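Handing you this structure, nothing more for now.
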Amino acid sequence: MAKIKPFKGIRPPKDLIKEVALRPYDVLNSEEAREEAKGNEKSLYHIIKPEIDFPVGTDEHDPAFFEKGVENFQ
């Protein structure tokens with residue numbers, strides 16, 4: 001039987017919702033995320049699609065992407 005455990009979600013302050021709101025990560029590609037996050041350092045795309053913080057063409061399997069996502073989250 002599966003065990004279901006509650007977890008505490010993270011929600012942004014109400015005054016930042018418009019700055020961090022975004023479409024689900026799987027409905028847009030990196031180029032679209034890069035465009036939507038342009039000029040908005042608070043965009044959650046920097047966490048869920050950290051490749052937008054690297055030059056276009058960087059290997060998508062580069063471990064640096066994951067490290068950058070953690071850095072952006074913190």
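Within region 1-29, take every residue that is of a type in the set (Val, Ile, Thr) and not in a loop (DSSP other than H, G, I, E, B) and give me the one that is farthest from Ile52 (Cα to Cα).
Initial filter on region 1-29 (of a type in the set (Val, Ile, Thr)): 4, 10, 17, 20, 27.
Restricting the remaining residues to those that are not in a loop (DSSP other than H, G, I, E, B) gives 17, 20, 27.
Values: Ile17: 21, Val20: 15, Val27: 15 Å.
Checked region 1-29; the qualifying residue farthest from Ile52 (Cα to Cα) is Ile17.
So that you can scan it fast, the table gives a plain yes or no per residue for (1) in contact with a strand residue (DSSP E or B) (Cβ under 7 Å, 6 or more places away or on another chain); (2) of a type in the set (Gly, Ala, Ser); (3) open to solvent by 80 Å² or more (accessible area, probe 1.4 Å):
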residue	(1), (2), (3)
Ala2	no, yes, yes
Phe7	no, no, yes
Pro12	no, no, no
Lys18	no, no, yes
Asn40	no, no, no
Ile48	no, no, no
Thr58	no, no, no
Asn72	no, no, no
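What are the residues in region 22-34 that are open to solvent by 70 Å² or more (accessible area, probe 1.4 Å) and of a type outside the set (Phe, Trp, Tyr), if any?
Here is the first cut: in region 22-34, the residues open to solvent by 70 Å² or more (accessible area, probe 1.4 Å) are 23-27, 29, 31-32.
Scanning region 22-34 gives Arg23, Pro24, Asp26, Val27, Asn29, Glu31, Glu32.
Here's a follow-up. Residues of region 30-51 being under 23 Å from Pro12 (Cβ atoms), out of contact with any His (no Cβ under 7 Å at 6 or more places or on another chain) and either modelled with pLDDT of 95 or more or assigned to a helix (DSSP H, G or I) (or both), which ones? Steps first, answer last, please.
First, pick out the residues of region 30-51 that are under 23 Å from Pro12 (Cβ atoms): 30, 32-51.
Of the ones still in play, those that are also out of contact with any His (no Cβ under 7 Å at 6 or more places or on another chain) are 30, 32-36, 38-51.
If the condition is that a residue be under 23 Å from Pro12 (Cβ atoms), out of contact with any His (no Cβ under 7 Å at 6 or more places or on another chain) and either modelled with pLDDT of 95 or more or assigned to a helix (DSSP H, G or I) (or both), then Ser30, Glu32, Ala33, Arg34, Glu35, Glu36, Tyr45, His46, Ile47, Ile48, Pro50, Glu51 are the ones that fit.
Also: Identify, from the list Asn72, Asn29, the residue that is without any contact (Cβ under 8 Å) to a residue 24 or more places away in the chain and polar (S, T, N, Q). First the steps, then the outcome.
Details: Asn72 fails: without any contact (Cβ under 8 Å) to a residue 24 or more places away in the chain.
That would be Asn29, the only listed residue that is without any contact (Cβ under 8 Å) to a residue 24 or more places away in the chain and polar (S, T, N, Q).
Quick check on my filter: what residues within region 52-74 are over 23 Å from Leu16 (Cα atoms), of a type in the set (A, V, I, L, M, F, W, C) and part of a helix (DSSP H, G or I)?
The initial filter retains those residues of region 52-74 that are over 23 Å from Leu16 (Cα atoms), namely 54-67.
Restricting the remaining residues to those that are of a type in the set (A, V, I, L, M, F, W, C) gives 54, 56, 64-66.
Of everything in region 52-74, those that are over 23 Å from Leu16 (Cα atoms), of a type in the set (A, V, I, L, M, F, W, C) and part of a helix (DSSP H, G or I) turn out to be Ala64, Phe65, Phe66.
Still on this structure: Under 9 Å between Cβ atoms, which residue pairs at least 6 apart in sequence (or on different chains) link something in region 49-65 that is under 17 Å from Asp26 (Cβ atoms) with a partner that is of a type in the set (A, V, I, L, M) and surrounded by 10 or more Cβ atoms within 10 Å (Cβ to Cβ)?
Within 9 Å, the pairs are Lys49/Leu28; Lys49/Ala33; Lys49/Ala37; Pro50/Ala64; Pro50/Val70; Glu51/Ala33; Ile52/Ala33; Ile52/Ala37.
I've got another one for you. Examine region 28-46 for a residue that is small (Gly, Ala, Ser) and over 11 Å from the mean Cα position of the chain (by Cα), and state whether such a residue exists. Break it down stepwise before answering.
From region 28-46, those small (Gly, Ala, Ser) are 30, 33, 37, 39, 43; that's our starting set.
Still in the list and also over 11 Å from the mean Cα position of the chain (by Cα): 39.
Looking for residues that are small (Gly, Ala, Ser) and over 11 Å from the mean Cα position of the chain (by Cα), one finds at least one in region 28-46, hence yes.
The values are calculated or read from the model by the stated rules, or taken from the named source; none is laboratory data. The shown structure was predicted, so the numbers you read here are calculated from the model rather than taken from an experiment. Quick reminder, even Gly has a Cβ in these numbers, built from the backbone with ideal geometry, and neighbours come from all protein chains shown. Accessible surface areas use protein heavy atoms only, side chains included; no ligands, DNA or RNA. Shrake-Rupley method; radii C 1.70, N 1.55, O 1.52, S 1.80 Å.
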